[in-house]
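Structure first, then comments.
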Amino acid sequence: MLDNEKIALLTADIKKKRELQHINDGFVKEQLLAYLRQEHKLFRLLQENCNPKSKSYSIVIKQVRARLRKAYGLFRDNPAKRLELMEKLLAAPAAAQKKLVDEILSTHASAKERLPVYNTLYKKIFAVTGKPRVILDLGCGINPFSFPYMGLKKCAYLAYDINEEEINILNQYFSLLRRKIPYFEGRAAAADIQQMPKIPPADICFLFKMTDVLDKNKGHKATEEMLKRIPARHIVVSFATKTMSGKKMTAPRRNWMQRLGKRLGYEYTILEFENELFYVVKKG
């Protein structure tokens, strides 16, 4: 294995690209080490000579950046605009805040798609699960900004994502919500959810569009293990119903998800929307 100094050097160089700067270091290291476990020759070359000017070093940097973009960068559209809107939100009077929250949600591709259905979506989810007192949102992106659509007055919201910049914005937003809603508590933290030693318990967990990130096109074992690890009675797992080019998928339902639920003894309810399919899973 590479020593800590070499890993730190590679991690820092990988993150020199602007769009990758705010990704949690632990997640970058995990992707780096996973790549090197597959590329034995490059691993040996780096062990012998971890020189930033070498061809092998450049290949590793390029390939790990590509992995990160694929795993992370699909839905983070406009972080600069998001920061600008957050500054406006913090200074805005209460009457203007709802519009700004919607504008912030519109800076993220998946959240923007959900904007027309957020209100209906949460009503349908909570009709199955009951109103939660504790929400866990794994790989949250900026989905917690949709909290006003949930219609909850007494709630704790725990959010985790690898993007430290987004986590900072979420904590600012949670502080704003605490001033408005007396019985609201919110906390966001940067973490690679697969590396978390302990996942906090909750009434419901959102796992929106995360299975591809977890499984990395290698079956569905990682998703299965995550579902078993999450200490929540209900888990909401979502999937896109369109390809990245916008074409409707011929078979948007994930039969593997249904087989997995049956094997584990989990019940599930399917909620279908134009752009996204939701499995509301009940863990016994």
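Throughout, read-outs are computed from the coordinates displayed, never taken from laboratory work. Computed from a predicted model, the values in this text were never measured in an experiment. Neighbour counts are summed over all protein chains in view; Cβ atoms, including those assigned to glycine, are modelled from backbone coordinates with ideal geometry.
At a Förster distance of 35 Å, what's the computed FRET efficiency of Arg133 paired with Lys81, Cβ-Cβ distance as r, to 0.05?
Numbers: r = 33 Å, r/R0 = 0.96.
Efficiency, rounded to the nearest 0.05: 0.55.
With point charges of +1 on the Cβ of Lys and Arg and -1 on the Cβ of Asp and Glu, referenced to the Cα centre of the chain, which listed residue (Asn4, Pro132, His22) lies farthest in the positive direction of the dipole?
Looking along the dipole axis, the top candidate is Pro132.
Simple spin-label model, 7 Å along Cα-to-Cβ: Arg69 to Lys282 in nm?
So the two model labels end up 4.4 nm from each other.
Shape verdict for segment 1-107, please, from the Cα gyration tensor: rounded (a/c under 1.5), prolate (a/b greater than b/c) or oblate.
prolate
For a quick check of your reading of the filter: which trypsin sites (Lys or Arg not before Pro) in segment 156-211 sit in a DSSP loop and have no more than 15 other Cβ atoms within 10 Å?
Taking segment 156-211 and a limit of 15 other Cβ atoms within 10 Å, the loop trypsin sites (Lys or Arg not before Pro) found are Lys198.
Two decimals is fine: what's Rg over Rh for segment 163-277, C-alpha atoms, Kirkwood radius as Rh?
Expressed as Rg/Rh, it is 1.00.
If you place +1 on the Cβ of every Lys and Arg and -1 on the Cβ of every Asp and Glu, how big does the dipole about the Cα centre of segment 193-284 come out, in debye to the nearest 20?
300
Between Arg229 and Ser54, what length comes free when the chain is fully extended (0.36 nm per residue of separation minus the Cα-Cα distance, one decimal in nm)?
58.9 nm
Between segment 248-284 and segment 89-109, what is the separation of their alpha carbon centroids in Å?
For segment 248-284 versus segment 89-109, the Cα centre distance is 32 Å.
Hey, if you put +1 on the Cβ of every Lys and Arg and -1 on every Asp and Glu Cβ in the chain, which of Ala94, Ile230, Ala190 ends up farthest toward the positive end of that dipole?
Going by the charge dipole, the pick is Ile230.
Need the list of aspartates and glutamates near Lys180 for cross-linking: C-alpha distance under 20 angstrom, and skip anything on the same chain fewer than eight residues off.
Output for Lys180: Glu87, Asp102, Glu103.
Could you please state, rounded to a whole Å, how far the C-alpha centre of segment 11-32 is from the C-alpha centre of segment 34-64?
The distance from the Cα centre of segment 11-32 to that of segment 34-64 comes to 15 Å.
Excluding Gly265 itself, calculate the net charge of residues whose Cβ lies under 13 Å from the Cβ of Gly265, where each Lys or Arg counts +1 and each Asp or Glu counts -1.
+4
Evaluate the charge dipole of segment 97-154 about its Cα centre and quote only its size in Debye, nearest 20, assuming +1 on the Cβ of each Lys and Arg and -1 on the Cβ of each Asp and Glu.
340
Extension gain Glu19-Gln38, at 0.36 nm per residue separation less the Cα-Cα distance, in nm? Intermediate results must be reported in sequence, preceding the final value.
On the way: separation 19, 0.36 × 19 = 6.84 nm, distance 2.50 nm.
Answer, rounded to one decimal: 4.3 nm.
Using only the alpha-carbon atoms of the chain as identical scatterers, what base-10 log of I(q)/I(0) does the Debye formula give at q = 0.11 Å⁻¹?
The calculated log intensity ratios at q = 0.11 Å⁻¹ are -0.69.
Using 7 Å Cα-to-Cβ label points, what is the Gln258/Arg178 separation (nm, one decimal)?
4.5
If you take every DSSP beta bridge fully contained in the chain, what fraction is antiparallel? Give it as a percent rounded to 5.
40
Placing unit charges on C-beta atoms (Lys and Arg positive, Asp and Glu negative, everything else neutral), compute the dipole magnitude of the chain about its Cα centre in debye, rounded to 20.
The calculation lands at about 600 debye.
Expected output is a single nm value to one decimal: the length gained when fully extending between Asn119 and Glu164, i.e. 0.36 nm times separation in residues minus the C-alpha distance. What is it? Don't jump to the answer; show the numbers that get you there.
Details: separation 45, 0.36 × 45 = 16.20 nm, distance 2.76 nm.
Full extension of this stretch gives 13.4 nm more.
Which pairs break 32 Å Cα to Cα here: Lys218/Lys248; Lys29/Lys209; Lys53/Lys81; Lys112/Lys218; Lys16/Lys154?
Flagged as over cut-off: Lys53/Lys81; Lys16/Lys154.
Express the C-alpha Rg of segment 123-229 as a ratio against the empirical globular expectation 2.2 N^0.38 Å, rounded to two decimals. Write out the running numbers ahead of the final one.
Numbers: Rg = 14.1 Å, N = 107, 2.2 N^0.38 = 13.0 Å.
Computed over Cα atoms of segment 123-229, the ratio equals 1.09.
What's the local net charge at Arg178, with K and R +1, D and E -1, over the other residues with C-beta under 12 Å away?
After counting each charged neighbour, the total is +2.
If you take the C-alpha gyration tensor of segment 44-136, multiply each eigenvalue by 5 and take the square root, what semi-axes do you get, largest first, in whole Å?
After diagonalising the Cα gyration tensor, the semi-axes are 41, 20, 12 Å.
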